[in-house]
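The values are calculated or read from the model by the stated rules, or taken from the named source; none is laboratory data. Every value quoted in this text rests on a predicted model; they were computed, and no experiment measured them. When we count neighbours, we look across all protein chains shown, and the Cβ atoms used for this are built from the backbone with ideal geometry, even at glycine.
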Amino acid sequence: MTIIQFLPSPISAFQFIAELDGNNYNCIVTWNVYGQRWYITVANQDGTPVFTLPQIGSPNNYDISLTAGYFTSTMVFRQSLQRYEINP
């Protein structure tokens, strides 16, 4: 499991690289003023977006995968710890 601490900034995007299904993807987390929430975009290495969706936090006792329907690998945003947990 890879753990990435979420360090939000209101003036710039939070970015990291995640290994999903054996390939590296750029993950970009941005604040949407109109939606009043964080959104995550997962893109190929060439910058082509695979998907964008609201960042949904998981409670400690339940995993909500942000990649469900797109990858077999899971990426969970653990709300209480403000971190991503990635299982490739």
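Values as computed for the structure displayed
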read-out	value
Scope the range 10-29; condition surrounded by fewer than 10 Cβ atoms within 10 Å (Cβ to Cβ) and not aliphatic (A, V, I, L, M); matching residues	Pro10, Ser12, Gly22
Enumeration of residues in the range 5-44 that are polar (S, T, N, Q) and not in a strand (DSSP E or B)	Ser9, Ser12, Gln36, Asn44
Unique residue being closer than 17 Å to Ile28 by Cα and part of a loop (DSSP other than H, G, I, E, B) when the list is Tyr70, Tyr62	Tyr70
Set Thr30, Thr2: member being more than 14 Å from Ser73 (Cα to Cα) and under 13 Å from the mean Cα position of the chain (by Cα)	Thr30
When residues of the range 45-59 are limited to those that are part of a loop (DSSP other than H, G, I, E, B) and closer than 18 Å to Glu85 by Cβ, the one nearest to the chain's Cα centre (by Cα)	Gln55
Members of the range 73-85 that are surrounded by fewer than 20 Cβ atoms within 10 Å (Cβ to Cβ) and either not in a loop (DSSP other than H, G, I, E, B) or not small (Gly, Ala, Ser) (or both)	Thr74, Arg78, Gln79, Leu81, Gln82, Arg83, Glu85
Positions within the range 22-41 being in contact with a strand residue (DSSP E or B) (Cβ under 6 Å, 6 or more places away or on another chain), touching a residue at least 24 places away in the same chain (Cβ under 8 Å) and more than 17 Å from Arg83 (Cβ to Cβ), in sequence order	Tyr25
Residues (among the small types (Gly, Ala, Ser), closer than 14 Å to Thr72 by Cα and touching a Ser or Thr at 6+ places or on another chain (Cβ under 8 Å)) located in the range 5-27	Ala18
Subset of the range 30-59 [at pLDDT below 90 and buried (at least 17 other Cβ atoms within 10 Å of the Cβ)]	none
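Condition check ((1) farther than 15 Å from Gln5 by Cα; (2) of a type in the set (Gly, Ala, Ser); (3) touching a residue at least 24 places away in the same chain (Cβ under 8 Å); (4) in contact with a Phe, Trp or Tyr (Cβ under 7 Å, 6 or more places away or on another chain)) across all residues:
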{"position": "Leu20", "(1), (2), (3), (4)": "yes, no, yes, yes"}
{"position": "Gly47", "(1), (2), (3), (4)": "yes, yes, no, no"}
{"position": "Thr52", "(1), (2), (3), (4)": "yes, no, no, yes"}
{"position": "Asn61", "(1), (2), (3), (4)": "yes, no, no, no"}
{"position": "Leu66", "(1), (2), (3), (4)": "yes, no, yes, yes"}
{"position": "Tyr70", "(1), (2), (3), (4)": "yes, no, yes, yes"}
{"position": "Arg83", "(1), (2), (3), (4)": "no, no, yes, yes"}
{"position": "Pro88", "(1), (2), (3), (4)": "yes, no, yes, no"}
